[in-house]
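Q: Handing you a structure now.
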Amino acid sequence: MIEDQTTRTSPRSAGEDGAGEGGGGGQEYALLLAPSANRVYADQAPRLAQAELTAFGDRVLHAGLRDVAEVRLGGLPYVGFRTARPLDHDDVAYVSHVSSAYALFAREGALLRPVTLTPPARYDDDLITIPKYAGKTNEQFTRLLLNLTVLASRRAAEMRQRQLVVLDPLCGRGTTCNQALMYGYDAIGIEADGGHVEAYATFLRTWLRRKRLKHTVEVTPVRRERKRVARKLTATMAPSRDAHRAGDTQQVTVFHADTTRARELLKAGCCDVIVTDAPYGVVHGSRTTEWAGPSRNPRALLAGALDGWVELLRRGGALGLSFNSHVTPRTEIVTLLERAGLSVVSGPGYDGLSHRVDQGITRDVVVARKPT
Ligand SMILES: C[S@@+](CC[C@H](N)C(=O)[O-])C[C@H]1O[C@@H](n2cnc3c(N)ncnc32)[C@H](O)[C@@H]1O
């Protein structure tokens, strides 16, 4: 960690979006991290944000990113970084995607000059923050996982323009789906616990009504050969009347079903990325329940589900999976993913993402790509 480095040479200010421009063309920045309600996660956020920013730097930033490191300024944790050129408008938009980004500053000697962030927010952020329940995946972490997965896919350079399709095949009450909506994407979920699907449908209905957004939310049976094989929640929405009128709508589809049967519900190649937080295989310490799905054993669940999931992924798509490494070691997850035909992504941004959640849970992340 670098402590209060405020004595570097001051670059002259200029540049788009208020980004300062150094005489040698370089610029130093400091990214202030959002305070997190979760103390344990907040303590690890600077390290995770460094990895995430590095992945953005490697895959989409134009400005040439280097020297990413934790810096403390005025007692607060920032992620400091240098760029070969000042961040341009697109670069600032990408940095704004970083899951814990709160405010960005160009460093000018001892001073910090604000650079306005432009976070992807197609809807009010209470779409993400209102739902609270035992077993919810941390929303900042969910965004990190979505970012790293999209960045690993062949859609990385289009992540801000294209209406991608995100599948969470273990979607709980929709944290990933809601994050996908914020990005302007479509979302598909599969969840075995009917209570979660019900609660998600109720939340979406109430939230969309309260925001006075034009929408439809319906729950219908899915039948195959006259037998009911699942229930399906379908929601369509747009962030404004004009968007709705113009057909600029988004869809969320959630199946109440066993994810090992995903191929019976969905067409091959239906999604660009799969982003999911696997069951941790333990009962949460302070909270009372782990979810009651057909499979509580994450290893058996993944072994039974992965082949189907991979078929649902488009070529060049990526899968981002988080899991409890106390229960399923990373090496086993890597073997399962490779056996299913995926290539695990490694290198800056994708290694060292393991972090503590609570006494029984150390959450790790593996991202893997389907060949093009
Ligand atoms: C770690 S939780 C995901 C929580 C979710 N990200 C959220 O924030 O609400 C894992 C989810 O997998 C579900 N699950 C477990 N086995 C399943 C199966 N065989 N098919 C579908 N869902 C399953 C559980 O019910 C649980 O909701």
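Q: Give, as ranges by residue number, the residues of the range 248-277 whose backbone N falls under 14 Å from the point 7 Å along Cα→Cβ of residue 300.
A: Flagged as within label range: 260.
Q: Stretched out fully, how many nm does the piece from residue 339 to residue 39 gain, at 0.36 nm a residue minus the Cα gap?
A: Here the answer is 104.3 nm.
Q: I need 270, 171 ordered by Cβ neighbour count within 10 Å, fewest first. Present the calculation step by step, with values, prior to reporting the outcome.
A: Details: 270 17, 171 29.
So the residues, fewest neighbours to most, are 270, 171.
Q: Next question, about the same structure. A 24 angstrom limit on the alpha carbon distance is what I want to check against. Which of 211/267; 132/211; 136/232 exceed it?
A: From 211/267; 132/211; 136/232, over 24 Å: 211/267.
Q: Out of all Cα-Cα pairs in the chain, roughly what percent, to the nearest whole number, are more than 40 Å apart? Can you show the working numbers first?
A: Values: 9963 of 69006 pairs.
Everything past 40 Å amounts to 14 percent.
Q: I've got another one for you. Using the number of other C-beta atoms within 10 angstrom as an exposure proxy, rank 264, 52 with the fewest first.
A: Numbers: 264 14, 52 26.
In order of increasing Cβ crowding within 10 Å: 264, 52.
Q: To the nearest 0.05, how large is the calculated FRET efficiency for residue 226 and residue 267 if R₀ is 25 Å and r is the Cβ-Cβ distance?
A: Efficiency, from the Cβ-Cβ distance: 0.75.
Q: Now for a different question. Using DSSP to define loop residues, name the chymotrypsin sites (Phe, Trp or Tyr not before Pro) in the range 119-185 whose beta-carbon has at most 16 other beta-carbon atoms within 10 Å.
A: Filter output for the range 119-185: 133.
Q: FRET efficiency for residue 113 and residue 67, Cβ-Cβ distance as r, R0 = 25 Å, nearest 0.05? Intermediate values should be presented prior to the final figure.
A: Working: r = 19 Å, r/R0 = 0.74.
Efficiency, rounded to the nearest 0.05: 0.85.
Readers should treat all values here as calculations from the given coordinates under stated rules, not as data from a laboratory. Quick caveat: nothing in here was measured; it's all calculated off a predicted structure. A quick note on method: Cβ atoms are made from the backbone with ideal geometry, for glycine too, and the neighbour counts reach across all protein chains shown.
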